[in-house]
1. Calculated FRET efficiency, Q251 and E74, Cβ-Cβ r, R0 41 Å, to nearest 0.05?
2. For the stretch 288-344, compute the orientation-averaged projected area of the C-alpha convex hull (one quarter of its surface), in nm².
3. Which lysines, if any, have their Cα less than 23 Å from the Cα of K305, not counting same-chain residues under 8 positions apart?
4. Determine how large the accessible area of D370 is when every protein chain is in place; take a 1.4 Å probe and give Å² rounded to the nearest 10.
5. Find how much the distance from T29 to R494 grows on full extension, using 0.36 nm per residue of separation minus their present alpha carbon separation; answer in nm with one decimal.
6. Would you mind checking which residues have amide H under 5 Å from S309's amide H? H placed 1.01 Å from N; only 5 or more apart, or other chain.
7. Would you rank I281, I66, I135 by solvent-accessible area, highest first, keeping every protein chain in place and using a 1.4 Å probe?
8. Based on the Cβ-Cβ distance from S174 to T472, what FRET efficiency comes out when R0 is 41 Å, to the nearest 0.05?
Amino acid sequence: MSRLIVQDVLLEIFQHVLAGKTGRRDLATLARTCHAFHEPALKVLWHTLPSLGPLVLCFPRKILHIQVSRRTLETTTEFSRSPSLQEWERPLIHAKFIRVISRSFEGNSNLSGLSRLKYKLTLSTLETIFDSCPIPLLPGLQHFHYTEAFPVDFGDDIPINTRLSLAYLFKLSSPTVLRSLHFSFGYSYDRLSLLIQVFKHYSSIQSLRVDIHKGNILSRIAFNCTQMHQSPAVANAQKLSKDLVLIGSLQNITSLTFLTSETSSSLSESDFQLVPSFPAILELTLCSPFALSVLKVVQSPRLRKIRLSMRGANDGEADRLCIFVASRAQWQESMRSLVILDNSLSTQGLETLFVFKHLNHLEFKYSNPDDSVLERVAIAWPMLEHVCIEDQNSSHATFQSLVSFSRHCPHLRHLKLGLQACQIPPTHPSDASRNLREPVKPLLLELDPYSAMGADPDTSAEFLWGLFPGLTLVLHKPGGLEQRLGNEITKWKRLVQIIDQMDGVRRFEEGTPVSLQMDLAALNALTLALC
């Protein structure tokens, strides 16, 4: 077997090991088992870190001063002296495997116990590291969260030394390898000058996330005092405009997440001085009541994913946004994912979106959806794989809506909606025959029931299993359901149990393992074969 194939197999196996409760400890043991396991185990073990703290702990203990708080689990590390070249040897072995530094990186579910620890690096510790380290320190780093990696500089809104922080960042990674950056700022922070320097150094950045929060009360007061001639909301809008103009001018940015805690709806579009930009953007996430103003300057003809939250926007803003998005003819062909949060769509707003024929991911909020509305959704988008429909007040949808999705959306993998579970509707014979012919596809059905179950749990389970063989059923926010439904929640919980049992029987009959836990016997056999 080719060595490259063996490496790929081991990496896949070790990913499953890492997902276990003692995953990091088990991987460390595997890395010491034999030469064949050593590098693949280290690649998985060191791929993602919450900060530079774990790497600092690789230096010899004789040159470190370590304090651990039992109350906060915070580990403070300082150097007693500058490390020698020989003492850098072990940290550099692990540094070359690090690809991600961020506690909140998407898909970063494998930090396990490591994510609960807090690593506090003092300013003197960072100075010691970057004054003595080779450049770059992390040659393979691809994603970096600026705030969390340097908590000593950005614990508050105003950094201790911005120039020093940038020097650290530029020594940390290669400008040609880093592809993704995540920044967190307060409104009062001078973001523009920092971003200009960062983008000049890292011109190949493709993915960018910028979080702008209000910061602490002292920084907000100081910022407001400097804006006596204009309202803080207008001043914030002008700063946001400059940030977006700069980011939009980057030719390589294909993914942007821009989150702001600003919720004022008193501003108009004239307060945002934006220019046509974002020529290559493919994925856009905006959390701002002014999302429509940003969308209007997007020039990319290939926008594929939009995720918008317009908390604080005026009524009807979500409908106006849908009308504008649907008016872009090029986006009608390129759009694959559309998510509109926090603002409810009207029937008119929803109908304008029917021009997007290739959607596979859809999330929106709708007031009192019923079976006819959901049937139109299922017919309009047959390629849907993920659907989440939030009901603003209550849902009038019944089990008949599930029949519509079963008939018209064969690729569905996740469905979430509110439900008035009335009587079991009759199903057409073709529904059952179709499901028997087609291979079983797993589906996660997340229900938010608004009424008592119209039929007994066994009958309901048989109906749902007939529509979606391979179904996994969960109840959305079961704690809230107990207040809404009272004792009737028992029937819904019983329905979930029956579906789980039916799925377990199906897996057993097909020979599919019920659990994804590692087969230690097979792993031991592989160890003997490779060592």
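1. For Q251 and E74, the calculated efficiency is 0.50.
2. In nm², the orientation-averaged hull projection of the stretch 288-344 is 3.5.
3. Output for K305: K296, K357, K365, K416.
4. 50
5. Between T29 and R494, full extension yields an extra 163.2 nm.
6. Sorted by chain and number, the residues that satisfy this are L286, C287, S288, L341.
7. Working: I281 0, I66 60, I135 120 Å².
Largest accessible area first, the residues go I135, I66, I281.
8. Numbers: r = 43 Å, r/R0 = 1.04.
Result of the calculation: an efficiency of 0.45.
The values are calculated or read from the model by the stated rules, or taken from the named source; none is laboratory data. Everything numeric in this text was worked out from a predicted model, so none of it was measured. Using ideal geometry, Cβ is built from the backbone for each residue, glycine included, and neighbour counts are taken over all protein chains shown. Accessible surface is based on the protein model in full, side chains and every heavy atom, while ligands, DNA and RNA are left aside. Shrake-Rupley method; radii C 1.70, N 1.55, O 1.52, S 1.80 Å.
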